[in-house]
Structures are given as C-alpha cells and as structure tokens.
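What follows is one structure encoded as structure tokens, with my remarks underneath.
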Amino acid sequence: MGGSYFTNPLEFLIQTVVGLYILVVLLRFLLAWVRADFYNPVSQLLVKLTNPVLVPLRRVIPGLGGIDIASIVLMLVLQMLALWLVVMLRGAAIHPFGLLLWSFAELLSLTINVFLFSILIQVVISWINPGGYNPALSLIHSLTEPLLGPARRLIPPLSGLDLSPIVVLIGLQLLKMLLIPPLQIWGAGAIG
C-alpha cells in the first residue's frame, strides 16, 4: 500500500466535487448567455447553488457586455485549484501559466461536452416523447438552439428528417479534437 492508495481516491474526490460545482456554474453561465427561462425550476436550482459564491464575487468583478465575467473567473479559479491539488498530490510541480492553459482546456472541453450531451439528449427525447414538456428539456432546447438554429437554416430537413444535430455534433467533436489537445499539451508541458 503505497502513497497512491490514498492519493487516487483523494484525486477522485477533488475532481468530482470541484468538477460538479464547476458544471453547475457553467450551466448557470450558459443558460444566462442564451437567455433561458430564469423562472424554470432547474434554473432556480442553479441560481440557489451558485448565488452564495457569485453574488459577492460580482461586487468585485462586474459583467462586461452582458457576459458574466465573475462566473468565468470562478470556474477558472476552481479548475486551477483542482488541477493544482491533483498535481501536488502526485508530487509534481506546475508553472502557473501551464496551470492556466490546462485549466482553460478543461473548461473548454467541459463546455463542448455540455453542448454535445445536450444535443444528444434532445435528439433521443425527440424520438421517445416528441412534443412532451419537461422543465429540463425546455432549458436543453434553449441551450442548443443557438447552435442548431443556424445549422437548420444551412441544411433544411430532408423528408421530414432534421440532420442539423448530426452536423453540429460533428462540428463540436472536430472543434474539441483541434482545440483541446494543444492546450493540454502546452499546459502539461509546464509540469515539473
């Protein structure tokens, strides 16, 4: 039973707890960005979970052009903290710039994954229960429409089949494959 006996579960716990909170903050940020229904029960849950941290932070870091900069800073700081703790548990060191790049890559990957999974959920639900209402599905629709709407205008439905989700999913996956690895490599290269 070496040092990794406790290190691996601790890394898992750090990544899970901090990652879930980052996801909550990211969802709040994205839903505000797409102007989703604020009174939706899911939106209200996200607001209640993030307000204790974001309200004081917004007093120090104001928004810019309708973008909630405080949420971005909070996500980046939390991601940097989680990565730094994991790197320290492994007994390595990391340069602050490398930590910043790696954290940015992780947040970008998470954002793309949120859109990927939202589109997949929306597609599957449209097959299972088309036209049904659910508060979460309403938010998913609000979240995916900025991506799917332009794709629908570009590729109209063929015989009643909407191919825009496939095009957007391919585009998001390509974006993820092209943007994330270089950032992770540069960030990981600063680990000593």
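The values are calculated or read from the model by the stated rules, or taken from the named source; none is laboratory data. Keep in mind the model is a prediction, meaning the values are calculated, not measured. Counting neighbours? That spans all protein chains shown, and the Cβs are built from the backbone with ideal geometry, glycine included.
Here are the numbers for the structure shown:
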{"read-out": "Qualifying residue in the stretch 172-190 (condition: surrounded by 17 or more Cβ atoms within 10 Å (Cβ to Cβ), of a type in the set (Lys, Arg) and within 24 Å of Trp33 (Cβ to Cβ))", "value": "yes"}
{"read-out": "Residues that are farther than 14 Å from Leu81 by Cβ and either acidic (Asp, Glu) or modelled with pLDDT under 80 (or both), drawn from the stretch 1-17", "value": "Met1, Gly2, Gly3, Ser4, Tyr5, Phe6"}
{"read-out": "Candidates Ala92, Ala82, Ala105 - the one that is surrounded by fewer than 19 Cβ atoms within 10 Å (Cβ to Cβ), touching a residue at least 40 places away in the same chain (Cβ under 8 Å) and either of a type outside the set (Val, Ile, Thr) or touching a helix residue (DSSP H, G or I) at 6+ places or on another chain (Cβ under 7 Å) (or both)", "value": "Ala92"}
{"read-out": "Complete set of residues in the stretch 25-42 that are surrounded by 16 or more Cβ atoms within 10 Å (Cβ to Cβ) and either outside any loop (DSSP other than H, G, I, E, B) or of a type in the set (A, V, I, L, M) (or both)", "value": "Val25, Leu26, Leu27, Arg28, Phe29, Leu30, Leu31, Ala32, Ala36, Val42"}
{"read-out": "Pairs, first within 9 Å of Ser142 (Cβ to Cβ) in the stretch 29-45, second modelled with pLDDT under 95 and outside any helix (DSSP H, G or I), C-beta under 9 Å, six or more apart", "value": "Leu31/Asp37; Leu31/Phe38; Leu31/Asn40"}
{"read-out": "So Pro182, is it of a type outside the set (A, V, I, L, M, F, W, C), within 30 Å of Val87 (Cα to Cα) and part of a helix (DSSP H, G or I)", "value": "yes"}
{"read-out": "Val77 vs. criteria more than 28 Å from Gly189 (Cα to Cα) and either of a type in the set (A, V, I, L, M) or in contact with a Lys or Arg (Cβ under 6 Å, 6 or more places away or on another chain) (or both)", "value": "no"}
{"read-out": "Among residues of the stretch 129-154, those that are touching a residue at least 60 places away in the same chain (Cβ under 8 Å), crowded, with 17+ Cβ neighbours inside 10 Å and under 20 Å from Leu175 (Cβ atoms), counted", "value": "1"}
{"read-out": "Selected residue [part of a helix (DSSP H, G or I), acidic (Asp, Glu) and under 28 Å from Tyr5 (Cα atoms)] from Glu145, Glu106", "value": "Glu106"}
